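One structure is given below, encoded as structure tokens.
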Amino acid sequence: SSPREFANPCSILGLFSLRSRKLSSAARWPAMAAAAEAPSGCCAAEGHGPPERTGSSKSGKLRARSGSTIKAVFEPSTKSAEDIFTDVSLDKSELCEDMAKSFPMLCFCSTEGPEKPQGMCRFAGAGHRGRLPFSTRLMWVAPIFGFFALKFMKVGYQNKFYMDDYPKASLGIIAFSSVLGVLMDAFTDPKMASWTDNLRSKYGRRRPFVFASAFFVPVVFVLGWSPALVSPGVGASLWYGFFHIMFKLADTMFCIPHDAYGAQLTPIYKEKTVVWRTKEVTSNLGVLFGMALVPFLFVTAQCSSTPDDGCYEFPLIALFFGLPFMASCLLLAYRGREPSPAPVVEEDVGNRFKSEDTIPMLISTFLNKPFRILLVTDVVKAVGYDLPFVVMPFVTAWVLGEKCMPAGKAFQYLVLCNLFCGLLAVPLWSLLAAKTSKFQAFLVFNVMFALASCSMASISYDTGDCSASMRAVGCMVFFGATFGGTFLLADLISDVVDYDQLLTGGQRREASYLMAINFVPKFMNIPGESVPFLAMAYLNYARPLKEQFRPPCGDSHPFPGMSPDAFCHSFYSNETVGQNLCSDGMSCQQYVDNGVNFVCNLALGECGIQQNASVRTTLLMCLSMIPAIFVLCGVAALCFYPKSAKTEASQEAVIQAIARVKRGERVEDPWREGSFIHPAEPPTHHAGALSYFLPHELKGAIGSAITAGLGTAPADLSSLWHRPLIWALIGAALLPIGGAVVAAGFEDLYDDLGASVSPLGLMLIGVGVVVMWFNGVRVWAALHLGKSGVTVQEVVAKLNAVAPFVGAARIELTPPAAA
């Protein structure tokens, strides 16, 4: 390669090009010329064509072979946007122009046409012809590395750090904060999804939020690791609670718009798999560095096992990952492209109730049958995904023990095994999806995940011969290899988004669907994030011993005739009154009365404790059998997934049907035989308020007026508010019950361990608030419709609009009989 090739801004990583130039293929695709002038991941350039073949034929073949190899790695062979319309009887040029407008990050460079292009994307062969360049995928996925490194460093270390190190936070307050954070998500996630889906900005729907996240996310994580700014105990507990809630807000601000951005990159079936596979690899690398490698290399005992001093490594590491996250977000916000904003819908202007509001969005997404199946699957297995990572640091410390290796190192080794095996398995899951289908691969993934979780039940206490630790490593290898297929769910959802675009007549709601698949399972995360800690507190979880009162043991203990464990037990059993060898709040005898054993941690060469059998069993069940049961329930739900929605051909049929509907044609639903979809009609004045109700509720509002031909008659709206009112009252009844439970355990929150029922009461309050809000607003919408005098004809129009979602036939008003 010549120096000019390396200087060429289109070489290898066109992401960092100084200025993108117009594609010469714009002569064939006039509508794409304007898109090509904007910053692009596609690097077709004026005057920077493919390098001329100079020198010997051997070197030319070597360059060709190397280019082919890189193309095979970075630009997998998939159908292009042009190939999708090969068998369609519409104008191919016009279809591809529409595709370029809807998906502006695609690259349409091509060697075909009356004139050979002067510039081409490198390693693109005959051209991308409507594919996604590798540099574009890299630009989109780059912020994921920093965010997942920050997130999983928090998941893996922060709870245990706040509980066992110098902050000495209350378990009850930590559990309370976890519940409160999820409840915040209950309102912020849907609002963010609706906001970013319907934002009409010249900067796009996603990039403004990516830009804001560049600054907000690093600040939250750095300060969250800095409890030294407040006092230990209650002060540190409240500090944790505040920044845990800020973390939830940061997660919402970044993940929902960013994931939605990924779902709008390409419409191509297998290329979507490549997009989400790239995200999976990048996120695993982020987890690997944030949860294992960097803490393994730079976190000392000051932050892991010495509860009487400060910790500065974690805030510095958070800053280390936060800076590249900031840079990559700013790059994506500056260089990315999005479709032009949609025009304002007439029914939305001046109306209090709009179709784009949170409740109509949740209702319409739930009416989408393929999505509903995936949602039910994800809800029941949400515990299975997250619970193992929540309890893993405690499992290595108290179930495996520290006779073979320190708990911190054991945790890092297990995480390394999990992530390395997950990274290695991602191409295998991608290959399985390509050879069979995304759905079949996702089904196999769930079954294997349940089996991997069950295998964790074989982990037991290591007596010092390291056999139990090696068994744990083997289980984690199996678990990690299975976990490499988690990207398949988002891959399936991106196909469902295309189907939703067909059902709605052209509206794309990527954020709404990707949010819902994460939002609803978060309520299952409430018990997953809080109940284990409450159970540990009620089962007499024991904090680690004071560092200054941990005598050396093992080969160095002063009583050769006594076993190391017996020496440690004897040392603490001889505690005198006021000596406080074990802790300031409990005597060593109380430790023994609670079932705690004093053992010699041979890997550390000092005495420690072994939690009682109930705590160890609870941790092990949370790691293994409980997740497996929930995941298997999700597998059962997948049996109801529509057969016609499982293949590449079915997804391409959806793309083709969308193109026909855009041109005013009536098409048959490719995923529901016998159901027909009509072009979208202009919404009625009250379409927004009517969107707050389910189809069967709307049918009750028209009654026999259909057959009587009374289209202009007022609708009977009593059926719209009766049922929501009952549910709103049920939700309201939960509030005082939950408040009483919170009050009953409030004082216990400030005990040493915080064994309190208050988090359970907060769960009831949260459920009550959500139920009351959801149904209360629907009652309000019904009353608004009653005052506005909505007619039967408007209700019928709304029913016809949602008919494709439920496979119902359109309703035609029968003209009244002549007198």
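The values are calculated or read from the model by the stated rules, or taken from the named source; none is laboratory data. The structure presented is a predicted model; accordingly, all values stated were derived computationally and were not measured. Glycine gets a Cβ as well: all are built from the backbone with ideal geometry, and neighbour counts include every protein chain shown. Accessible surface areas use protein heavy atoms only, side chains included; no ligands, DNA or RNA. Shrake-Rupley method; radii C 1.70, N 1.55, O 1.52, S 1.80 Å.
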Query raised in the report: Among 680, 732, 659, 649, which is the only one that is modelled with pLDDT under 90, open to solvent by 30 Å² or more (accessible area, probe 1.4 Å) and in a helix (DSSP H, G or I)?
Result: 649
Report task. Using the structure shown, decide if residue 400 is within 15 Å of residue 491 (Cα to Cα) and either modelled with pLDDT of 90 or more or aromatic (Phe, Trp, Tyr) (or both). Result -> no
Query raised in the report: Say we look at the stretch 452-508 and pick out the residues that are over 27 Å from the mean Cα position of the chain (by Cα) and acidic (Asp, Glu); which of these is least open to solvent (accessible area, probe 1.4 Å)?
Result: 462
Query raised in the report: Which of the residues spanning the stretch 171-220 are among the acidic types (Asp, Glu) and at pLDDT below 80?
Result: 185
Requested in this report: Kindly indicate which of 278, 266 is over 17 Å from the mean Cα position of the chain (by Cα), under 30 Å from residue 482 (Cβ atoms) and of a type in the set (S, T, N, Q).
Outcome: 266
Query raised in the report: Could you count how many residues in the stretch 555-608 are touching a residue at least 40 places away in the same chain (Cβ under 8 Å) and among the polar types (S, T, N, Q)?
Result: 4
Report task. Among residues belonging to the stretch 567-590 that are in a helix (DSSP H, G or I) and open to solvent by less than 40 Å² (accessible area, probe 1.4 Å), point out the one that is farthest from residue 548 (Cα to Cα). Result -> 567
Report task. Take the stretch 159-204 and flag every residue that is open to solvent by less than 10 Å² (accessible area, probe 1.4 Å), within 19 Å of residue 255 (Cβ to Cβ) and in a helix (DSSP H, G or I). Result -> 178, 181, 182, 185, 186, 189, 190, 193, 196
Query raised in the report: Assuming residue 433 fulfils every condition listed in (1) modelled with pLDDT under 85; (2) of a type in the set (A, V, I, L, M); (3) surrounded by 24 or more Cβ atoms within 10 Å (Cβ to Cβ) apart from one, which condition is it?
Result: (1)
Query raised in the report: What number of residues within the stretch 136-158 satisfy the criterion of being of a type outside the set (S, T, N, Q) and either in contact with a strand residue (DSSP E or B) (Cβ under 6 Å, 6 or more places away or on another chain) or open to solvent by less than 20 Å² (accessible area, probe 1.4 Å) (or both)?
Result: 13
**Report entry** Output for the stretch 716-729, where each listed residue is assigned to a helix (DSSP H, G or I) and aliphatic (A, V, I, L, M)
**Finding:** 720, 725, 726, 728, 729
Query raised in the report: Do we have residue 424 as without any contact (Cβ under 8 Å) to a residue 12 or more places away in the chain, surrounded by fewer than 22 Cβ atoms within 10 Å (Cβ to Cβ), more than 30 Å from residue 724 (Cβ to Cβ) and out of contact with any His (no Cβ under 8 Å at 6 or more places or on another chain) here?
Result: no
Report task. Mind listing whichever residues of the stretch 205-242 are aromatic (Phe, Trp, Tyr) and either open to solvent by less than 20 Å² (accessible area, probe 1.4 Å) or farther than 30 Å from residue 361 by Cβ (or both)? Result -> 209, 221, 225, 239, 240
Query raised in the report: Do you know which residues across the stretch 662-677 are open to solvent by less than 10 Å² (accessible area, probe 1.4 Å) and under 27 Å from residue 436 (Cβ atoms)?
Result: 669, 675
Query raised in the report: When only residues in the stretch 787-798 that are small (Gly, Ala, Ser) and touching a helix residue (DSSP H, G or I) at 6+ places or on another chain (Cβ under 8 Å) count, which is surrounded by the most Cβ atoms within 10 Å (Cβ to Cβ)?
Result: 797
Query raised in the report: Scanning the stretch 735-773 for residues that are at pLDDT below 75, open to solvent by 50 Å² or more (accessible area, probe 1.4 Å) and in a helix (DSSP H, G or I), which turns out nearest to residue 534 (Cα to Cα)?
Result: 748
